[in-house]
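For reference, the structure is listed below as structure tokens.
The values are calculated or read from the model by the stated rules, or taken from the named source; none is laboratory data. Predicted model, so just to flag it, every value in this text is computed and none were measured. A quick note on method: Cβ atoms are made from the backbone with ideal geometry, for glycine too, and the neighbour counts reach across all protein chains shown. These area figures cover heavy atoms from the full protein model, side chains too; ligands, DNA and RNA do not enter into them. Shrake-Rupley method; radii C 1.70, N 1.55, O 1.52, S 1.80 Å.
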Amino acid sequence: MNAEEIKTYRMFINGEWVDAADGGAFDTSEPYTRKVWARIPRARKADADRAVHAAAAALDGPWGKLTASARGLLMFRVADLIARDAEKLVRIETRDNGKLISEMRAQVGYLPQYFRYFGGLADKIEGAVLPIDKADTFNYTTHEPLGVCVAITAWNSPLLLAVNKLAPGLAAGNTFVLKPSEFTSASALELAALFHEAGFPPGVVNVVTGFGGEVGAPLVEHPKVAKVAFTGSETGGQRIYETAARDFKHVTLELGGKSANIVFEDANLENAVRGAISGIFAATGQTCVAGSRLLVQQSIHDEFVERLVDFARKARIGDPQLDTTQVGPVTTSPQYEKILDYINIAKAEGAVCRLGGKAATGPEVGVGQFVEPTIFSGVSNSMRIAQEEVFGPVLSVIPFKDEDEAVAIANDSLYGLAAGIWTQDLRRAMAMPKRLKTGIVWVNMYRAVSYMSPFGGYKRSGVGRENGMDAVREYLQTKSVWISTSTETADPFVIR
Ligand code: NAD
């Protein structure tokens, strides 16, 4: 690609397309070809300030004055525009991120539903009149927006992660500054154009691009910001939580995971093999809910691992733009190096490599940064490969004896995002979810998400929930209003 073909993006602040205040920009490249394809504005503190002020002004201005029903209608419009431009968004994300085109078609095809669901909720955020236990007193509650929200997202599912925050937050009446990952900024800027076209007032949704330390941190520190909704690494989450605490800002943190996918001897093994594969090789394992610890009951362990290896060996690796590809490239080069390091750590720890275990090469991967689908057996739960998040196509298989041991191993993790259970025993299917310390449990399925169902983790996997009614509550604060209807004068020295 020559210089003329490189697309130049601008940021979206206060309803206008702008460059960074100091004119800075950086390149973004395709993980498959490693070629630079676009230039992205490199925002800093001055841009963060400008975007937050625009978001604050919109809150006090046209957006704050809209009825909740009118807010909902704008969200329906954006849903229609995403549906109209779905294929364009799919192509951009596949190019910029390396996500499979088949996965992106499913993901982008689903995004309009988020805006329809939460747009529909916008005018159903009702307070209550309380039958208060005081004579001659009227008490009611209202739910109000928090104010300016900052959404900071990771690179692994850029559009979905942004929409998870924008849709409930806008429904609740907040305004936003979105900062996508520096590795995958393009799709957020394309999304901004659709908010503009839908007729959102200027400043309601702003998108600033750049690096965490340069523009992310000033956004989180900004005194006019009421909430930070973050998806990313544990270290990033810690930093944001600490900074937000200084001003008592609200936070939602969606962080890492080391989820256990548990296969019992009574499972439908064909389905369980597919469930294990989808848990770790879908999205090249670059998903926070990856079922990266596969717990298999001892009685079926050897047979199950054989079947798994046979299935995974046939996975088609290569160009993410092809419909037939099943495993795409690793999105970022630091992540690629990190995955290969973990493979070496696992080997040094004594895990047995049953498949893969190295960088993928060959004509189908070209110059792309690919790791072979990798399966380790003989893993003990105390090994680093079983405790630390790899965020790549690397599976650790751990045997267990019985239900109690499966629960003990699954819960022996700093994380608590998700878990999978494979069983045909009804009692077990009903009893296990309660025993697992995770925010999500899938039974005889894996990696399902919906705008309707709360998403988030226990322990170090995060704070708060996205999706469903829970998500709207994360963007609201409650006001209690007291009105006296008494004709008598109250004693000022006694609590009423
Ligand atoms: P990261 O924490 O490095 O970056 C995430 C975002 O935070 C980026 O936009 C980055 O620019 C910004 N950022 C970094 N430092 C910042 C700071 N000091 N202040 C403000 N912003 C800052 O994470 P990543 O490498 O992009 O993403 C991978 C990680 O995200 C994985 O660990 C994965 O588990 C996690 N993840 C979690 C979920 C979930 O929902 N639980 C979903 C996807 C990814």
Percentage of interatomic Cα-Cα distances in the chain larger than 45 Å: 17
Helical mean residue ellipticity (222 nm; -39500 (n - 2.57) per DSSP H run of 4+; nearest 500) of the chain: -11500 deg cm²/dmol
Once the Cα gyration tensor of segment 85-185 is diagonalised, semi-axes √(5λ) in Å: 39, 15, 9
Rg/Rg_ref, segment 11-94, where Rg_ref = 2.2 N^0.38 Å and atoms are Cα: 1.42
Whole-number percent relative contact order across the chain, with pairs defined as alpha carbons under 8 Å at least 6 apart: 18
All lysines inside 18 Å of residue 314 as judged from Cα atoms, apart from same-chain residues fewer than 8 positions distant: 358
Rounded percent of accessible protein surface that carbon and sulfur make up, segment 260-443, 1.4 Å probe: 52
At 1.002 mPa s and 20 °C, Stokes D of segment 33-144 from Kirkwood alpha-carbon radius, µm² per second: 118
Using θ = phi - 60° and Karplus 6.51 cos²θ - 1.76 cosθ + 1.60, couplings along segment 137-144 (whole Hz; Gly, Pro as x): 9, 10, 9, 9, 10, 10, 10, 10
Burial order of peptide ranges 94-105, 149-160, 121-132, 373-384 (average beta-carbon count within 10 Å, highest first): 149-160, 94-105, 373-384, 121-132
Cross-link table 134/479; 7/338; 258/459; 124/179, entries beyond 21 Å C-alpha to C-alpha: 7/338; 124/179
14 Å tail of the calculated P(r), segment 304-351, as % of Cα pairs: 68
Cα Rg, Dmax (largest Cα-Cα span) when computed across segment 112-261, Å: 17.5, 60
Exposure ranking of 234, 466, 144 by accessible area [1.4 Å probe, largest first]: 144, 234, 466
Between segment 1-65 and segment 235-281, the alpha-carbon center distance in angstrom: 30
For segment 260-443, alpha-carbon Rg and Dmax in angstrom: 15.8, 50
Peptides 183-192, 239-248 ordered by average Cβ neighbours within 10 Å, highest first: 183-192, 239-248
For the chain, share of DSSP beta bridges that run antiparallel, in % to the nearest 5: 40
Cα Rg over Rh - segment 396-464, Kirkwood: 0.96
Separation between Cα centres of segment 410-427 and segment 126-169, rounded to whole Å: 31
